[in-house]
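Reading through the structure tokens given below for one structure.
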Amino acid sequence: MKNVIKVKPFYSNRSGNAVANQYEIHTAKGVYFQSYSSIIALKTPKGLILDKFKWDYSRTTSKYLRQFTGMYKAEIMQKIESKEIKLRDLNN
């Protein structure tokens, strides 16, 4: 099986337009969400992993992370606390 990686622009739910500097990266491992040059999140069949240093970096990152995950910050924090969402260094 080939290891295919596809990078796609991230589209705004509101406008339907591609959002500058926001990307989805589709791999065999799962779908990554990248904001500017940082990986913010990874959706895998086993669950969601967030970068422990960057997931709550800025308003813009939080806005599109909410769209990517379908969750608001309070729910994400609750799921981090319950260990349903894992925190890892996704950028090293």
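Figures for the structure shown
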{"item": "The range 54-92: number of residues that are polar (S, T, N, Q), under 15 Å from ASN13 (Cα atoms) and out of contact with any Leu (no Cβ under 8 Å at 6 or more places or on another chain)", "result": "4"}
{"item": "Close pairs from the range 34-51: first within 11 Å of ASN91 (Cα to Cα), partner among the charged types (D, E, K, R) and assigned to a loop (DSSP other than H, G, I, E, B), Cβ under 7 Å, at least 6 apart", "result": "SER38/LYS54; ILE40/LYS54; ASP51/ASP89"}
{"item": "Criterion: in a strand (DSSP E or B), surrounded by 15 or more Cβ atoms within 10 Å (Cβ to Cβ) and among the hydrophobic types (A, V, I, L, M, F, W, C) - qualifying residue of LEU65, LEU42", "result": "LEU42"}
{"item": "Positions within the range 1-33 being of a type outside the set (A, V, I, L, M, F, W, C), touching a residue at least 24 places away in the same chain (Cβ under 8 Å) and within 16 Å of ARG59 (Cβ to Cβ), in sequence order", "result": "SER12, GLN22"}
{"item": "Selection count where residues are at pLDDT below 95, within 12 Å of ILE39 (Cα to Cα) and more than 12 Å from the chain's Cα centre (by Cα), scope the range 58-92", "result": "1"}
{"item": "Residue check for TYR32: of a type in the set (Ser, Thr, Tyr), part of a strand (DSSP E or B) and touching a strand residue (DSSP E or B) at 6+ places or on another chain (Cβ under 7 Å)", "result": "yes"}
{"item": "Single residue of the range 22-35 satisfying the filter (closer than 21 Å to MET71 by Cα and over 10 Å from the mean Cα position of the chain (by Cα)) that is surrounded by the fewest Cβ atoms within 10 Å (Cβ to Cβ)", "result": "HIS26"}
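The values are calculated or read from the model by the stated rules, or taken from the named source; none is laboratory data. Since the model is a prediction, treat every value here as computed from it, not as a measurement. Virtual Cβ from ideal backbone geometry, glycine too; neighbours counted across all protein chains shown.
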